[in-house]
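Colleague: Take this structure, written in structure tokens, and hold onto it; I'll ask about it next.
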């Protein structure tokens, strides 16, 4: 009996969906204004913009995954996605001061994706590489 395998691409898309739900949740709740002390309702266009900024990395990753460039040059694919991710995080961090809760959710999601991309994925790739060497020996 074969053990079911979860591909990292599917996990990436699940993280994308969870991130969008996280931003949407905080974008649907009223929040206190930082100076006026009155409850503000979030602008739906701003929430969609935050969701769009969060989606840049995932859309680029899924498009890149469908091209032959992904299999031909994994290193350059990773570098390309890293540049997109750093740009996305830069945009999110620029709006950090006096940010509404949905923008804070975007920043938290970007920090988690930065951790996953620069720490967890390389650890996964290294462990997979050493597991293949162990099986061939």
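The numbers here are math on the coordinates, done by the rules we state, and not lab data. Worth saying up front: this structure is predicted, and the values here are computed from it rather than measured. Please note: Cβ atoms are built from the backbone with ideal geometry, for glycine as well, and neighbour counts cover all protein chains shown.
Colleague: Here's a check for you: in region 92-107, which residue that is surrounded by fewer than 15 Cβ atoms within 10 Å (Cβ to Cβ) and part of a helix (DSSP H, G or I) is nearest to the chain's Cα centre (by Cα)?
Modeller: Once the filter is applied, the top-ranked residue is 93.
Colleague: Might you check whether a residue that is surrounded by fewer than 11 Cβ atoms within 10 Å (Cβ to Cβ) and within 30 Å of residue 39 (Cα to Cα) occurs anywhere in region 116-134?
Modeller: Looking through region 116-134, none of the residues is surrounded by fewer than 11 Cβ atoms within 10 Å (Cβ to Cβ) and within 30 Å of residue 39 (Cα to Cα).
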